[in-house]
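The structure that follows is given in the form of structure tokens.
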Amino acid sequence: MPTNGMTTCLWFDGTAEQAAQFYVATFPDSAITRINRAPMDYPSGKAGDVLTVEFTLRGQSFMGLNGGPHFTFNEAVSFQVHTDDQDETDRYWEALTADGGAESACSWCKDKFGVSWQIVPRQLTAAMNSADPAVAQRAMAAMMTMTKIDIAAIDRAVAAGDPT
């Protein structure tokens, strides 16, 4: 069990183990910590089926629950991944949108399991939180034209108002 006192539970329709395997292969410092099988039949499965999968992603605790088709993911909840450079941004973006995932706008994408992610370079966050409102506005305006974030384009937009 996690020691931080809080675990995010993700509801899957029979794919919790596959999702956990995908996520731990995608993110460093991640692992499946336990697979729990149903001790008896339940509405969405049989005794012995994988019921829950406990895993950590970048140090955060998650549980995948094979709860059945009753609930699905939507964009109201997403996981934000902070990246340090374009290579890292590209790597996560490509992994998450592959094999049935989908691109969206402004750093958002969905993986093949329907979970929404935001792949956000730290440079974008810093620019949008700038004390200079003009810098923040230029960064946001540039971001609004993108799907996957292009750090060089953000840097150009931020520098556009710099007379040096």
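The values are calculated or read from the model by the stated rules, or taken from the named source; none is laboratory data. All values derive from a computational prediction rather than experimental measurement. Here Cβ is always computed from backbone atoms with ideal geometry, including for glycine, and neighbour counts include all displayed protein chains. Areas reflect the complete protein model, heavy atoms only, side chains present, ligands, DNA and RNA absent. Shrake-Rupley method; radii C 1.70, N 1.55, O 1.52, S 1.80 Å.
Could you look at region 37-164 and say what percent of its accessible area is carbon and sulfur, using a 1.4 Å probe and all protein chains?
56 percent
Check which residues have an amide H placed less than 5 Å from Ile149's amide H, if you skip close sequence neighbours.
For Ile149, the qualifying residues are Ser107.
Could you pull out the GluC sites (Glu not before Pro) across region 40-145 that fall in loop regions by DSSP (anything but H, G, I, E, B) with no more than 16 other Cβ atoms inside 10 Å?
Sites meeting the loop and neighbour criteria: Glu75.
Expressed as an acute angle from 0 to 90° and rounded to the nearest 10, what is the orientation of the C-alpha long axis of helix 133-143 relative to the principal long axis of the chain?
So the inclination is approximately 60 degrees.
Taking the structure as given and computing Cα extents along the principal axes in Å, which label from [x] 49, 33, 24; [y] 69, 31, 24; [z] 51, 36, 22 fits?
[y]
Over the chain, with the other protein chains present, what is the accessible area per residue in square angstrom, probe 1.4 angstrom?
For the chain, the solvent-accessible area averages 56 Å² per residue.
Angle, helix 86-97 long axis vs. longest principal axis of the chain, Cα atoms, 0 to 90°, nearest 10?
So the helix axis and the longest Cα principal axis differ by about 40 degrees.
Which distance in Å, rounded to a whole number, links the C-alpha centroids of region 110-164 and region 28-47?
Region 110-164 and region 28-47 have Cα centres separated by 39 Å.
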